[in-house]
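Inspection log for the structure reproduced underneath, given as structure tokens.
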């Protein structure tokens, strides 16, 4: 899959007329959604894609190895556990293939270089002092996030890395720490609610308002596995007639509330600067999306 094919598959505009996604709008969620295109430009940006491709990796192998590499070189089952929402056989195959192509050191270097180059390409006109100010505010939060990494393997991996020298690199690294902190926490909340990996996808799909299987199906799950997962959700009273029941809605809301509560603690040191920081990140992210360096579909942006 070259970058043009990647863009066609994942970065195309959403269908017109679709309702806005159904998500809450608290401070933690607002920051997460504002920062998502900036944090993930290391997957989607053209320069980021080229840096990984130069190692012989394509998008999916680069994605799996790139997110795993900060944790070291764990065995495939550990990667499956950390990724959670992806089909285990798919993650295992991609990870083992990628490790046979590129070294951890090379992947870490390409990951950072590609993200930094992509940000400079898209946002190079932004004054460095503005980026540095945002980084200083974000580091108040990341200091808390990395102070206790119990149960958060992806955060622990990122915490072990040196901070980039480049200002945009530091912004990207900070946002990835916060993104993985939320992701690790969110997965734990889903597990505590008794959901399997495939059910995490399906319940989020119903909760946001995706078309059936449009989100869960992109994570490698077969129709048969998704059917069985839905059957279990119906048995538990979470799902009926292709939609969450009142019970299912309340349970998914509780998962989100638990996730946000953990993020509120991390974001507390940002204090009164949080609204302005969120607005600044959202403005930069809008430029990233307009440049075709992150998905423009709001459903994709909030599905996490």
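Any read-out appearing in this document is the output of simple, stated calculations on the displayed coordinates, not a laboratory observation. Being a predicted model, the structure only gives us computed values, none of them experimental. As a convention, Cβ positions derive from the backbone with ideal geometry for all residues, glycine included, and neighbour counts pool all protein chains shown.
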Run the simple label-point estimate for residue 109 and residue 228 please: 7 Å along Cα→C-beta, distance reported in nm. 4.4
What list do you get for 213, 99 if you sort them by fewest beta carbons within 10 Å? 213, 99
Please find, in a Gaussian network model of the chain (springs between Cα atoms separated by less than 10 Å), the residue of 225, 91, 144 whose mean-square fluctuation is greatest. 225
Could you check the spin-label model distance between residue 276 and residue 121? Points 7 Å from the Cα along Cα→Cβ, value in nm. 3.3
Once every DSSP H run of n ≥ 4 in the chain is given -39500 (n - 2.57) and the sum is divided by its residues, what mean residue ellipticity at 222 nm do you get, rounded to the nearest 500 deg cm²/dmol? -21000 deg cm²/dmol
For a quick check: sort 73, 87 by the number of other beta carbons within 10 angstrom, fewest at the front. 73, 87
Gain upon complete extension [residue 243, residue 287; 0.36 nm per residue less C-alpha separation]: 12.4 nm
Taking the chain as a Gaussian network, Cα atoms linked when under 10 Å apart, which of 186, 173, 120 shows the biggest mean-square fluctuation? 120
Compute the distance in nm between two label points, each set 7 Å from the Cα along the Cα-to-Cβ direction, one at residue 12 and one at residue 257. 4.0
Would you report the distance distribution of C-alpha pairs in the chain as whole percents per 20 angstrom bin, up to the bin with the largest distance? 33, 62, 5
With the label point 7 Å along the Cα-to-beta-carbon line of residue 136 and a cut-off under 17 Å to each amide N, the hits in segment 263-281 are 269-278, 280-281
Footprinting exposure proxy for 58, 251, 96 (fewest neighbouring C-beta atoms within 10 Å first): 96, 58, 251
